[in-house]
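Colleague: Have a look at this one.
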Amino acid sequence: EQVLFKAGVSFVDLEGARNNLRHELDHWDFERVRSEAEAAWVAPMNRIRIEGASDRQKQIFYTAMYHAHSDPRDFTDVDGRFYLKESGINEARDFRYRTIFSGWDAFRSHMPLLTIIDPGLVNELVNSLIAKGLDGGLGFPKWEIAGSYSNCMLGDPALPVILDAWTKGIRGYDLEQAYKIGRQTSLGPNTIRNGWESFNQNGYVSCDPVPTRWEGYYKCVSATLENAYADWSLSRMAAELGDTEGQEQFLQRSANYRNLYDPEVGYFRGRYLNGDWIPWEGPEVFGQGNIESNPQQQMWFVPHDIAGLKSLLGEDRFLTELEQLFENT
């Protein structure tokens, strides 16, 4: 026995679900649904074609391509309405609101890929991040999900994503507005940036209070490096907008990573508010203020100032350890 079932989904209201169903699936032809779904995926899969691969390699590659197009997903009803936690029902007039921005996991690789293979989606994402920043009042989200701040992970990954899009000519949004939200994200006081107060006051995210099992010194080393990179992104936005004062302000703040370099151990090391170093357990020991990493791995997150990192480590050590890191991990 075969049973046909269909459902409408809306995060706005019940009538929105009914309306979505009427417009998106107004028939009961199962084979048509299957063929249309297949056709809908052919176009994005064909944006990159590979040659010389085995069937297994092709399977792996195109599975990854499928995953790359799963998020950030369309969160908008067919009538343009979408839901945000703080303000409730909104209406998108010139973009589709995109949700599930797993920023810290995505800004290094997933988002730069999408700027190449789906710039239209990235344009919608940036507009969505701006909409959420305006709506929530706490700056840009780290990990937006279903119209809400999740405050998951760390850093301000929206900023390098927006800068990357703008630099590549994806510009269907208000950069000045994004920059304004970015300044709030960085400087506070209404922000979810990790350790923004001590970063502003001391030039690093402090490792106070006493570490807990899960937080591990409040991610202080990783947060400092991430905040510095985000502020560099803001300095580049300021330059694009002709704000020379802001450009210099955030460029100086982007050098704050240096405040955690301890020449005695040769790595970035967490500090308390009073300036004292946290206990040192060795470069290969997980944690110590480093999120999902150890000091040896986290040391390389200064993408905006490679020359500055070389000056701290020395060029010979820089090249030798970088090569060893890739060979041994």
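Colleague: Using the Cα atoms of segment 246-329 to build a convex hull, what is its mean projected area in square nanometres?
Modeller: 6.4 nm²
Colleague: Semi-axes of the equivalent ellipsoid of segment 1-64: what are they in whole Å, largest first, if each equals the square root of 5 times a C-alpha gyration tensor eigenvalue?
Modeller: 33, 16, 11
Colleague: Write out the cysteines belonging to the chain for which the nearest other cysteine Cβ is not under 4.7 Å, or none if no such cysteine exists.
Modeller: 152
Colleague: Moving on to the next point. Over segment 120-258, calculate the relative contact order: mean separation of alpha carbon pairs under 8 Å at least 6 apart, over the residue count, as a percent.
Modeller: 21 percent
Colleague: Right, another one. With a 1.4 Å probe and all protein chains left in place, how much accessible area per residue does segment 184-317 have, in Å²?
Modeller: 46 Å²
Colleague: Okay, next question. Need one number for segment 134-253: average projected area of the convex hull over its C-alpha atoms, nm².
Modeller: If you wrap the Cα atoms of segment 134-253 in a convex hull and average its projections, you get 7.7 nm².
Colleague: At a 1.4 Å probe, what is the % contribution of carbon and sulfur to the accessible area of the chain?
Modeller: Carbon and sulfur together cover 51 percent of it.
Colleague: In nm, give the distance between the simple-model label positions of residue 135 and residue 177, each being 7 Å from the Cα along the Cα-to-Cβ direction.
Modeller: If labels sit at residue 135 and residue 177, their model points lie 1.3 nm apart.
Colleague: Kindly point out which whole DSSP H helices in the chain project their C-alpha atoms 30 angstrom or further along the helix axis while averaging a Kyte-Doolittle hydropathy of 0.0 or above.
Modeller: Length and hydropathy pass: 220-241.
Colleague: How large is the translational diffusion coefficient of segment 2-149 in µm² per second when you combine the Kirkwood radius over alpha carbon pairs with Stokes-Einstein at 4 °C and 1.567 mPa s?
Modeller: Translational D for this selection: 75 µm²/s.
Colleague: Additional query: Between residue 201 and residue 245, what is the spin-label point distance in nm, taking each point 7 Å from the Cα along the Cα→C-beta axis?
Modeller: 2.5 nm
Colleague: Taking the radius of gyration and the Kirkwood hydrodynamic radius from Cα positions alone, what is the Rg/Rh ratio for segment 82-158, to two decimal places?
Modeller: On the Cα set of segment 82-158, Rg over Rh gives 0.95.
Colleague: Longest exposed-loop-site-free stretch of the chain, with GluC sites (Glu not before Pro), DSSP loop and at most 15 other Cβ within 10 Å?
Modeller: Looking at the chain, 87-214 is the longest stretch - no exposed GluC sites (Glu not before Pro) with at most 15 other Cβ atoms within 10 Å.
Colleague: Among 109, 147, 294, flag the residue with its Cα farthest along the positive direction of the charge dipole of the chain, charges on Cβ as +1 for Lys/Arg and -1 for Asp/Glu.
Modeller: Final value for the positive-end residue is 147.
Colleague: Compute from the Cα atoms of segment 76-205 the Rg and the Dmax, the latter being the longest Cα-Cα distance, and quote both in angstrom.
Modeller: Reported Rg and Dmax, both Å: 14.2, 49.
Colleague: Still on this structure: Test of understanding: express the Cα radius of gyration of the chain as a ratio to 2.2 N^0.38 Å, with N the residue count.
Modeller: Normalised Cα radius of gyration, the chain: 1.13.
Colleague: Which whole-number value in Å³ per residue fits the convex hull of the alpha carbons of segment 178-329?
Modeller: 122 Å³
The values are calculated or read from the model by the stated rules, or taken from the named source; none is laboratory data. Quantities reported herein were computed from a predicted structural model and do not represent experimental measurements. Note that each Cβ is placed from the backbone with ideal geometry, even for glycine, and that neighbours are counted across all protein chains shown. Accessible surface is based on the protein model in full, side chains and every heavy atom, while ligands, DNA and RNA are left aside. Shrake-Rupley method; radii C 1.70, N 1.55, O 1.52, S 1.80 Å.
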